[in-house]
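Participant: My structure is below; once you've seen it, I'll send some questions.
Read-outs: derived from the displayed coordinates by stated rules, not from any lab. Because the structure is a prediction, the values reported are computed rather than measured. All Cβ positions, glycine included, derive from the backbone under ideal geometry; neighbour counts span all protein chains shown.
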Amino acid sequence: MQGGFGNKPGNMLGMVKAMQQAVKQAEVTEAELAKERIEAVSGGGVVRAAVNGKGELIEIKIAKEVVDPNDVVMLEDLVATAVREAIDKANAIRTERLQKLIPAGGLNLPPGLF
């Protein structure tokens, strides 16, 4: 019985190498994303949220004129909106970059491998 999948001994080795390369590229991409800054605003710019490319919150800025002790609910909504939008942007960028690492035809893994 020959080794590999599809009676081709090199298929398994090639698949493993492709997976190892994809993992290395994904690690590099994740490190790059961690250094990026993605911002979103709400309330016409009175609230700003910044996240890194991994979607981790790194900063919130709130303009003084929007801070009203009698309307805390509005401020909470503005903060939540800005944070959500920043995280959504980061997730979209991360997904796009990681999808570029997958070969056009996928990895063509045999059924039951994972």
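Participant: What nm value, rounded to one decimal, do you get for the distance between D77 and K61 when each label is placed 7 Å out toward the C-beta?
Facilitator: My value for the distance between the label points is 2.4 nm.
Participant: Would you mind calculating the relative contact order of the stretch 37-102 from Cα pairs under 8 angstrom and at least 6 residues apart, reporting the percent as a whole number?
Facilitator: It rounds to 37 percent for the stretch 37-102.
Participant: Moving on to the next point. Any idea what diffusion coefficient the stretch 37-102 gets from Stokes-Einstein, in µm²/s, Kirkwood Rh on alpha carbon pairs, 37 °C, 0.692 mPa s?
Facilitator: 265
Participant: Count the net charge of all other residues whose Cβ sits under 15 Å from the Cβ of K35, scoring Lys and Arg as +1 and Asp and Glu as -1.
Facilitator: Summing Lys and Arg as +1 and Asp and Glu as -1 gives -3.
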